[in-house]
1. When you check residue 109 against the structure, is it more than 17 Å from residue 127 (Cα to Cα), surrounded by fewer than 17 Cβ atoms within 10 Å (Cβ to Cβ), touching a helix residue (DSSP H, G or I) at 6+ places or on another chain (Cβ under 7 Å) and at pLDDT below 90, yes or no?
2. Could you count how many residues in the stretch 125-148 are loosely packed, with under 12 Cβ neighbours inside 10 Å and either at pLDDT below 70 or in contact with a helix residue (DSSP H, G or I) (Cβ under 9 Å, 6 or more places away or on another chain) (or both)?
3. Are any residues in the stretch 77-111 part of a helix (DSSP H, G or I) and closer than 29 Å to residue 133 by Cα, and if so, which ones?
4. Surrounded by fewer than 18 Cβ atoms within 10 Å (Cβ to Cβ), out of contact with any helix residue (DSSP H, G or I) (no Cβ under 6 Å at 6 or more places or on another chain) and part of a helix (DSSP H, G or I): does that describe residue 119?
5. Which ones in the stretch 92-106 are touching a helix residue (DSSP H, G or I) at 6+ places or on another chain (Cβ under 9 Å) and surrounded by fewer than 16 Cβ atoms within 10 Å (Cβ to Cβ)?
6. Which residue out of 63, 45, 41 is surrounded by 13 or more Cβ atoms within 10 Å (Cβ to Cβ) and at pLDDT 80 or above?
(Lines give C-alpha, C1' and ligand atoms only; values in the text may rest on other atoms or scores of the structure.)
Protein backbone atom coordinates (compact mmCIF):
# COMPACT_ATOMS: atom_id res chain seq x y z
CA UNK A 1 0.00 0.00 0.00
CA UNK A 2 2.81 2.41 -0.69
CA UNK A 3 4.28 4.22 -3.62
CA UNK A 4 6.25 1.43 -5.25
CA UNK A 5 8.29 1.97 -8.33
CA UNK A 6 8.64 -1.44 -9.86
CA UNK A 7 10.60 -3.70 -7.55
CA UNK A 8 12.91 -0.99 -6.16
CA UNK A 9 10.81 0.00 -3.12
CA UNK A 10 9.64 3.34 -1.78
CA UNK A 11 10.51 6.68 -3.37
CA UNK A 12 12.60 8.58 -0.82
CA UNK A 13 13.05 11.87 -2.66
CA UNK A 14 11.52 15.07 -1.32
CA UNK A 15 9.41 17.06 -3.75
CA UNK A 16 10.55 20.69 -3.27
CA UNK A 17 8.27 22.23 -5.90
CA UNK A 18 5.48 23.15 -3.42
CA UNK A 19 8.09 24.61 -1.05
CA UNK A 20 9.55 26.80 -3.82
CA UNK A 21 6.05 27.94 -4.82
CA UNK A 22 5.24 29.00 -1.26
CA UNK A 23 8.56 30.82 -0.88
CA UNK A 24 8.04 32.75 -4.12
CA UNK A 25 4.56 33.82 -3.04
CA UNK A 26 5.93 35.00 0.34
CA UNK A 27 8.73 36.87 -1.40
CA UNK A 28 6.24 38.72 -3.60
CA UNK A 29 4.04 39.56 -0.60
CA UNK A 30 7.00 40.98 1.33
CA UNK A 31 8.21 42.96 -1.68
CA UNK A 32 4.79 44.55 -2.08
CA UNK A 33 4.18 45.29 1.61
CA UNK A 34 7.69 46.41 2.66
CA UNK A 35 7.42 49.94 1.19
CA UNK A 36 4.11 50.43 3.01
CA UNK A 37 5.73 49.67 6.37
CA UNK A 38 7.96 52.76 6.20
CA UNK A 39 5.43 55.28 7.41
CA UNK A 40 6.23 58.11 9.77
CA UNK A 41 4.14 60.13 12.15
CA UNK A 42 2.10 62.96 10.73
CA UNK A 43 4.10 65.96 11.92
CA UNK A 44 4.34 69.29 10.12
CA UNK A 45 8.01 70.13 10.75
CA UNK A 46 9.25 73.71 10.60
CA UNK A 47 11.52 74.74 7.74
CA UNK A 48 15.00 76.23 8.02
CA UNK A 49 17.78 77.26 5.63
CA UNK A 50 20.51 74.94 6.95
CA UNK A 51 19.88 71.31 7.93
CA UNK A 52 22.09 68.24 8.10
CA UNK A 53 21.10 64.66 7.41
CA UNK A 54 20.41 62.40 10.37
CA UNK A 55 23.47 60.39 11.30
CA UNK A 56 23.16 56.79 10.22
CA UNK A 57 25.78 55.44 12.61
CA UNK A 58 24.83 54.56 16.17
CA UNK A 59 21.40 54.19 17.65
CA UNK A 60 19.14 57.17 18.01
CA UNK A 61 15.61 57.77 19.21
CA UNK A 62 13.10 60.33 18.04
CA UNK A 63 10.85 62.23 20.45
CA UNK A 64 7.79 63.69 18.72
CA UNK A 65 5.49 66.44 19.99
CA UNK A 66 2.31 66.50 17.92
CA UNK A 67 -0.02 69.47 17.49
CA UNK A 68 -2.63 67.87 19.79
CA UNK A 69 -0.02 67.93 22.59
CA UNK A 70 0.68 64.20 22.63
CA UNK A 71 4.29 63.12 23.12
CA UNK A 72 5.61 60.03 21.38
CA UNK A 73 8.96 58.30 21.84
CA UNK A 74 9.67 56.18 18.76
CA UNK A 75 5.94 56.07 17.98
CA UNK A 76 4.78 55.08 21.50
CA UNK A 77 2.79 57.57 23.57
CA UNK A 78 4.56 58.73 26.72
CA UNK A 79 2.80 60.73 29.45
CA UNK A 80 4.59 64.01 30.21
CA UNK A 81 5.05 62.95 33.84
CA UNK A 82 6.95 59.79 32.82
CA UNK A 83 9.09 61.44 30.14
CA UNK A 84 12.18 62.04 32.29
CA UNK A 85 12.34 58.52 33.70
CA UNK A 86 11.84 56.86 30.31
CA UNK A 87 14.45 59.07 28.65
CA UNK A 88 16.92 58.36 31.43
CA UNK A 89 16.49 54.63 30.89
CA UNK A 90 16.22 54.48 27.09
CA UNK A 91 18.63 57.25 26.08
CA UNK A 92 21.03 58.16 28.89
CA UNK A 93 21.79 54.66 30.23
CA UNK A 94 22.10 53.06 26.78
CA UNK A 95 24.21 55.87 25.27
CA UNK A 96 21.80 56.67 22.45
CA UNK A 97 21.27 59.99 20.70
CA UNK A 98 17.95 61.82 20.98
CA UNK A 99 16.27 63.91 18.28
CA UNK A 100 13.26 66.14 18.91
CA UNK A 101 10.65 66.85 16.27
CA UNK A 102 7.74 69.12 17.01
CA UNK A 103 4.82 70.17 14.84
CA UNK A 104 4.82 73.84 13.81
CA UNK A 105 1.43 74.27 15.54
CA UNK A 106 2.80 73.25 18.97
CA UNK A 107 3.08 76.25 21.30
CA UNK A 108 6.62 77.36 22.09
CA UNK A 109 6.06 76.86 25.82
CA UNK A 110 5.26 73.17 25.35
CA UNK A 111 8.46 72.60 23.35
CA UNK A 112 10.53 74.43 25.98
CA UNK A 113 8.88 72.35 28.74
CA UNK A 114 9.75 69.12 26.90
CA UNK A 115 13.31 70.33 26.32
CA UNK A 116 13.62 71.15 30.03
CA UNK A 117 12.51 67.65 30.95
CA UNK A 118 15.05 66.22 28.49
CA UNK A 119 17.79 68.26 30.17
CA UNK A 120 16.54 67.14 33.61
CA UNK A 121 16.87 63.51 32.46
CA UNK A 122 20.60 64.15 32.03
CA UNK A 123 20.67 64.38 28.22
CA UNK A 124 22.95 67.19 27.08
CA UNK A 125 23.11 66.56 23.33
CA UNK A 126 19.77 66.98 21.60
CA UNK A 127 19.17 67.11 17.88
CA UNK A 128 16.25 69.08 16.49
CA UNK A 129 14.57 67.84 13.30
CA UNK A 130 13.54 70.29 10.61
CA UNK A 131 12.92 70.38 6.88
CA UNK A 132 15.02 72.32 4.37
CA UNK A 133 13.36 75.60 3.37
CA UNK A 134 11.06 75.25 0.38
CA UNK A 135 10.40 71.51 0.73
CA UNK A 136 6.85 70.29 1.21
CA UNK A 137 6.60 68.07 4.29
CA UNK A 138 5.75 64.44 3.70
CA UNK A 139 5.74 61.43 6.05
CA UNK A 140 8.87 60.05 4.38
CA UNK A 141 10.77 63.31 4.97
CA UNK A 142 9.88 63.92 8.60
CA UNK A 143 13.00 62.11 9.77
CA UNK A 144 15.21 63.08 6.84
CA UNK A 145 17.08 66.03 8.28
CA UNK A 146 18.34 67.34 11.57
CA UNK A 147 20.18 70.22 13.16
CA UNK A 148 21.91 70.03 16.54
CA UNK A 149 22.09 72.51 19.31
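The values are calculated or read from the model by the stated rules, or taken from the named source; none is laboratory data. Worth saying up front: this structure is predicted, and the values here are computed from it rather than measured. Heads up, the Cβs are rebuilt from the backbone with ideal geometry, glycines too, and the neighbour counts pull from every protein chain shown.
1. no
2. Of the residues in that region, 5 qualify.
3. Going residue by residue through the stretch 77-111, those that are part of a helix (DSSP H, G or I) are 80-92, 108-111.
Within the stretch 77-111, 108, 109, 110, 111 qualify.
4. Working: surrounded by fewer than 18 Cβ atoms within 10 Å (Cβ to Cβ): yes; out of contact with any helix residue (DSSP H, G or I) (no Cβ under 6 Å at 6 or more places or on another chain): yes; part of a helix (DSSP H, G or I): yes.
It is true that residue 119 is surrounded by fewer than 18 Cβ atoms within 10 Å (Cβ to Cβ), out of contact with any helix residue (DSSP H, G or I) (no Cβ under 6 Å at 6 or more places or on another chain) and part of a helix (DSSP H, G or I).
5. Of everything in the stretch 92-106, just one residue is touching a helix residue (DSSP H, G or I) at 6+ places or on another chain (Cβ under 9 Å) and surrounded by fewer than 16 Cβ atoms within 10 Å (Cβ to Cβ), namely 96.
6. Values: 45 fails: at pLDDT 80 or above; 41 fails: at pLDDT 80 or above.
Within the list 63, 45, 41, the selection yields 63.
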